[in-house]
Amino acid sequence: MKVKVLSRNPDYYLRETKRDIHKVPRNYDPSLHPFEGLREYTRALNAVKLERVFAKPFVGNLDGHQDGVSCLGKNPQHLSLLVSGSYDGEVRLWDLPQQKCVRNFRAHDGYVRGITFLPDGQQFVTVGDDKTIKIWKTDLPDWGEEEEPTNTYISKSVIVGVSHHQKEPMFATCGEVCQVWEEDRNEPIRTFQWGVDSLHDVSFNPIETHLLATCASDRSIILYDTRDTGPVRKVIMRLRCNRLCWNPMEAFIFTCANEDYNLYTFDTRKLKQPLKVHMDHVSAVTTVDYSPTGQEFVSGGYDKSVRIFEHGKNHSRDVYHTKRMQRLTCVLWSMDDKYILCGSDEMNIRMWKARSAEKLGVLRPRERSALNYSEALKEKFVSHPQIRRIARHRQIPKHIYHAQKELRTIKLKQKRKEANRRAHSKPGTVPFVSEKKQHVVEEQE
Amino acid sequence: MTRYFLNQDCRENKKKPQDNCNESASKKLETHKRSKKKPSIKKSQSELEALVTVVKYKRKPWRGRNHEDDRLAAAKVQPPWTRKSKRVPVQDEKLARHSRGEGLSGDGIKTKFYQKKLKKHEADIQFSIEQAARAELLLPEESGFLVADEDELTTQFSQQQIASSVDIASATKHFDLHLAEFGPYRMNYSRNGRFLLIGGRRGHVAAIDWVTKRLLCEVNVMEAVYDVQWLHVETMFAVAQKQWLYIYDNQGIELHCIKRLSKVLRMEFLPYHFLLATASEEGFLSWLDISIGQMVSQFNTRMGRLNLMTHNPYNAVVCLGHSKGIVTMWSPNVKEPLSKMLCHQHPLQSLTVDSQGRYMATAAVDRTLKVWDVRKLEGPLQQYKLHAVASNLAFSQRGLLAVGMGNVVEVYRDCCQKSADRPYLRHRLFKRIGNMEYCPYEDVLGVATDNGFTSLIIPGSGEPNFDALECNPFQSKSQRREAEVKSLLEKIQPEFITLDPTVITDVHIPTLKDKVEAKKKLLFLKPPKIDFQPRNKSGKKKGTVKVAQTKRIVREGQRREFVKTLKETGIDKISSSQEVESCIASVKHKTFNALDRFKPKEKKQEKG
């Protein structure tokens, strides 16, 4: 007879010394792992609960401004430097890791309207209500020297916004007209006008670098080409757009923050209707900024909340708010795709995590793999009602809650009214208009 | 990196000057290195292979043509990033073992985007299955076996013979415990197979690390003991005593006395749910959540005395055997059995379910033994007539069936799919068998008898390779603690105990029954309640009778309206609850216009 009995040598299964790691032999045979689906579901449920537990997005706030923060400047080269301007004309430079103000000076009389960095990240442009454009260095002035701009341009008309070209020494301002300046000339090299008395935001396309978009007070968005003499295209909306931001990854896509509580993502090739209508704010949206990946964008509104939207989604992924945060004037998504900064009326700049439950700092390999695993689980069980409910749940302030409720009734009422009108009119006279088409009046060329 | 390997190759080649061809090739390589001239095309096969292996693991992005690429092109070898991996294919049977069933074909998917997504998902699953199957190569142990020579039968070998022909460590696994005073005994192995718990009817309870023969504790509870059961770790066990159920720790200290569980005859522990299922003398079946100490469910089965109980490890359903020859399956969520199987014409004597939840073996007093397909609830797959009544049955991890008949244990191999004509092993004990169980991850069958405990060596019964994250026989204290926390975190809720545990991963499609029930519900819909206060037109104070009357008239009208709309829309057509709501809404929102009073009355219109 031949006989063999299972006999395990403990030396193969036990660690040799106490300092050694435990030996963990694995066997992936499914028969040894019963209740696979149910255990995964339980893990997914735990993961999604833990995500909500760890969702503490507020990192810190930068206080020091004497008046409301009007604008923020994103440095294309350095992560740690932030420049902010306020309503009293003061500009402050912040060291973000230390959450400290490193430098402050009075840049303009009246509001600082816009700040933009030069591509090298060493200098930045500010515009103010005093019709001046100033270029500043980020470095501290030498001992004994005064805070002075390296260059000052005086404009003939009011300026309310500025945007620098991605590569060339050229920047655009808006106000009564849209002007394109070169850094070493005191006069604008080009002036664009399309029958509008004021433009309140301007933005250079980061990829199609000659393309330029402005928001005008006649509720339109106008596109220009700096190589051209006149404007290119214009789309008129129901209500005016406050701010516009280009997608840094897709050259032809931009998102604008509108007065009618929505954000609209447009394709420049087809302006007749927006690609997406992003709803969730309950008051006018004042500002928007894209993440460097182009997959998400952040918006701030008059409803005192910051919302994060995914690129192709109609509704927001997350909402940030605090008791003390007032109406938002500017938001910024940091270049490392990890933080969101927002400036608001009540003189503070707040720093948030871009993903609220993300752990800051270095992750150990085991930690990372565990996080990846729970991410995958959440995705796998995303459509289970319990998991979806927990993942979607957010605490929102009372005023937003009530406003949402009110908006819902208003919307229902409009729908009902339209349906009634349709029912009592001659067939075909009250056509169905999709949500996308409702908000655009016309496209002009 | 590549350069380094090339150098090495050259050096190795230099050492073997007898290989002419190689030498010349290496020289060429060297010249190439120095002068950066284009090398000659001619190369030996071995040289080529060396090159290929060097380049194979290089994960460098394409940076245009370079010399290596030239050489590769010259040798007509595709660069590695265009070539499919040449891994050794995995055996089909291994793949089948790890397969989770057929994937989705994606027939019903309309958009290309989702079709592509599904395809990728399926490919990922396939890849993971393949990887898992490949990892079988790393398993350290092989299962035991007993092969007889040509003129022998495996049945003829006694335990002494087997023990004498295996190594010393294995031979110690066959032992007897003579405990004549406190029998008859019952026993239970812990989940990792390391610890043994025995309980004698006359109060003797002992916990043993049976591998090292170390006694953890030994107490006499001074009461009748009906059953013993390890809980999720080896620090706690439950003992069903004469009146109530008690929980002790591994030093024999009484932790809990659970008076809600009285006169318990049998216990089963569901490790993934942390439930202790008990069956009592009075027919009560209860599930106790031992992680939070809460009774999940407790009800009377109305099946009389419950002295046959086992659980299906595949779906955690509790199976009870009854004297009418039926097997009932229970979950804590339903007070009726999930299924009732008439297995025998005679009272059941024992039943067991195999570890993968495929087969159930039942034995009755008419000496029959039947094997059932417990997934389809069909059968019998096999039917045996034994020479004595099988009072005990046990399935091992690898599907060996032990049958205890009086004082004889017989072990059958491959008895579920094929019919086994003779036992694999047989052993005769001195006394009647109390109960028996295979030790997980060992080739051992533990038998508790009237006068003690016997451990039998059954080669090939246990799973050779354990998964340390699931059950680890060599677990240290810290590992045990960590595993306890982990398993508590992924405790499955008792609501999920159903016959099919994979439902949660399936797509929910409402069945015909659901649809019919939804329709039925519609018939009993109540009209919406209205809060109506009649207007006081005249300004005078009116009697409440009048007001009540008006209210009643309006309410009646409302109800009639509702029924009418329901009929108009057609109950057959209404399928979803949303439509019902819209139907209700339409009734609610029908308002009376001031000018409606000039319309002709509807009743008259109908008549005309």
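The values are calculated or read from the model by the stated rules, or taken from the named source; none is laboratory data. Keep in mind that what you see is a predicted model, and the values were worked out from it rather than measured. Glycine also receives a Cβ, built like all others from the backbone with ideal geometry; neighbour counts cover every protein chain displayed.
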Do we have B:G144 as under 30 Å from the mean Cα position of the chain (by Cα), at pLDDT below 90 and within 14 Å of chain A (Cβ to nearest Cβ) here?
no
Of everything in segment B:199-227, what is surrounded by 23 or more Cβ atoms within 10 Å (Cβ to Cβ) and over 24 Å from B:R260 (Cα atoms)? Give them in sequence order.
B:A206, B:A207, B:W210
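Please work out if A:Y264 is modelled with pLDDT of 90 or more, surrounded by 18 or more Cβ atoms within 10 Å (Cβ to Cβ), over 22 Å from the mean Cα position of the chain (by Cα) and assigned to a strand (DSSP E or B).
Numbers: modelled with pLDDT of 90 or more: yes; surrounded by 18 or more Cβ atoms within 10 Å (Cβ to Cβ): yes; over 22 Å from the mean Cα position of the chain (by Cα): no; assigned to a strand (DSSP E or B): yes.
Judged against the criteria, A:Y264 is not a match.
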If we keep just the residues of segment B:434-460 that are farther than 18 Å from B:G199 by Cβ and touching a Lys or Arg at 6+ places or on another chain (Cβ under 6 Å), which is surrounded by the fewest Cβ atoms within 10 Å (Cβ to Cβ)?
B:I457
I'm checking my understanding of the structure. Among residues of segment A:309-319 that are surrounded by fewer than 23 Cβ atoms within 10 Å (Cβ to Cβ) and of a type outside the set (G, A, S), which one is nearest to A:P397 (Cα to Cα)?
A:V319
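For segment A:40-65, enumerate the residues that are within 14 Å of chain B (Cβ to nearest Cβ) and surrounded by fewer than 20 Cβ atoms within 10 Å (Cβ to Cβ).
Taking segment A:40-65 first, the residues within 14 Å of chain B (Cβ to nearest Cβ) are A:40-50, A:53.
A:E40, A:R43, A:L45, A:N46, A:K49, A:L50, A:V53, listed by residue number.
Within segment B:356-367, how many residues turn out to be crowded, with 21+ Cβ neighbours inside 10 Å and either more than 19 Å from B:M309 (Cβ to Cβ) or within 14 Å of chain A (Cβ to nearest Cβ) (or both)?
The first filter runs over segment B:356-367 and keeps only residues crowded, with 21+ Cβ neighbours inside 10 Å, leaving B:358-364.
Among the residues that remain, those that are also either more than 19 Å from B:M309 (Cβ to Cβ) or within 14 Å of chain A (Cβ to nearest Cβ) (or both) are: B:358-359.
Total meeting the criteria: 2.
Does A:V3 fit the bill of being β-branched (V, I, T) and facing another protein chain (nearest Cβ under 7 Å)? Let's see the steps before the verdict.
On the way: β-branched (V, I, T): yes; facing another protein chain (nearest Cβ under 7 Å): yes.
Judged against the criteria, A:V3 is a match.
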Candidate set from segment A:410-445 (those that are exposed (fewer than 10 other Cβ atoms within 10 Å of the Cβ) and part of a helix (DSSP H, G or I)); member that is farthest from the chain's Cα centre (by Cα)
A:H424
Just to be sure I understand the filter: pairs with C-beta atoms under 9 Å, separated by 6 or more residues or on different chains, first member in segment A:1-24 and under 18 Å from B:V166 (Cβ atoms), second member in a loop (DSSP other than H, G, I, E, B) and aliphatic (A, V, I, L, M). Which pairs pass?
A:M1/B:A148; A:K2/B:A148; A:V3/B:V166; A:K4/B:V166; A:V5/B:V166; A:V5/B:I458; A:S7/B:V166
Could you give every pair whose Cβ atoms fall below 6 Å, whose first residue belongs to segment B:272-287 and is free of Cβ contacts under 8 Å to residues at least 24 places away in the same chain, and whose second residue is hydroxyl-bearing (S, T, Y), counting only separations of at least 6 or pairs across chains?
B:G283/B:T301
For the subset of segment B:168-191 comprising residues that are more than 8 Å from every other protein chain (Cβ to nearest Cβ) and hydrophobic (A, V, I, L, M, F, W, C), which member is nearest to A:V3 (Cα to Cα)?
B:A171
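Quickly run through segment B:119-153 and pick out the residues that are in contact with a Leu (Cβ under 8 Å, 6 or more places away or on another chain) and without any contact (Cβ under 8 Å) to a residue 24 or more places away in the chain.
Scanning segment B:119-153 gives a single hit, B:E122.
Condition check: aliphatic (A, V, I, L, M), farther than 19 Å from A:V112 by Cβ and either modelled with pLDDT under 90 or surrounded by fewer than 18 Cβ atoms within 10 Å (Cβ to Cβ) (or both). Does A:L223 satisfy that? Spell out how you get there, then give the answer.
Details: aliphatic (A, V, I, L, M): yes; farther than 19 Å from A:V112 by Cβ: yes; either modelled with pLDDT under 90 or surrounded by fewer than 18 Cβ atoms within 10 Å (Cβ to Cβ) (or both): no.
No; evaluated as a whole, the condition is false for this residue.
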Inside segment A:218-239, the number of residues satisfying the requirement of being outside any strand (DSSP E or B) and within 25 Å of A:K74 (Cα to Cα) is 1
Take the residues of segment B:462-477 that are of a type in the set (A, V, I, L, M, F, W, C) and either in contact with a strand residue (DSSP E or B) (Cβ under 6 Å, 6 or more places away or on another chain) or under 17 Å from B:V211 (Cα atoms) (or both): which is surrounded by the most Cβ atoms within 10 Å (Cβ to Cβ)?
B:F466
Failed criterion for B:C257 (all others in (1) under 29 Å from the mean Cα position of the chain (by Cα); (2) more than 29 Å from B:K486 (Cβ to Cβ); (3) at pLDDT 95 or above hold):
(1)
Which residues, counting only those in segment B:228-245, are surrounded by fewer than 21 Cβ atoms within 10 Å (Cβ to Cβ) and either within 15 Å of B:G203 (Cα to Cα) or free of Cβ contacts under 8 Å to residues at least 12 places away in the same chain (or both)?
B:K242, B:Q243, B:W244
Return the total of residues in segment B:224-234 being more than 9 Å from B:R191 (Cα to Cα) and at pLDDT below 95.
0
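If a residue has to be within 11 Å of chain A (Cβ to nearest Cβ) and farther than 20 Å from B:R398 by Cβ to count, how many in segment B:152-167 make the cut?
Just the residues of segment B:152-167 that are within 11 Å of chain A (Cβ to nearest Cβ), to begin with: B:152-154, B:156-157, B:161-167.
In the following step, the residues that additionally are farther than 20 Å from B:R398 by Cβ were identified as B:152-153, B:156, B:161, B:163-165, B:167.
So the answer is 8.
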With the condition kept exactly as written, say whether any residue in segment B:327-349 is buried (at least 20 other Cβ atoms within 10 Å of the Cβ), assigned to a loop (DSSP other than H, G, I, E, B) and among the charged types (D, E, K, R).
no
Selection count, segment B:116-138, where residues are aliphatic (A, V, I, L, M) and under 23 Å from the mean Cα position of the chain (by Cα):
5
What residue, of A:G85, A:G110, A:G73, A:G68, is farther than 15 Å from A:R350 by Cα and either buried (at least 16 other Cβ atoms within 10 Å of the Cβ) or out of contact with any Lys or Arg (no Cβ under 7 Å at 6 or more places or on another chain) (or both)?
A:G110
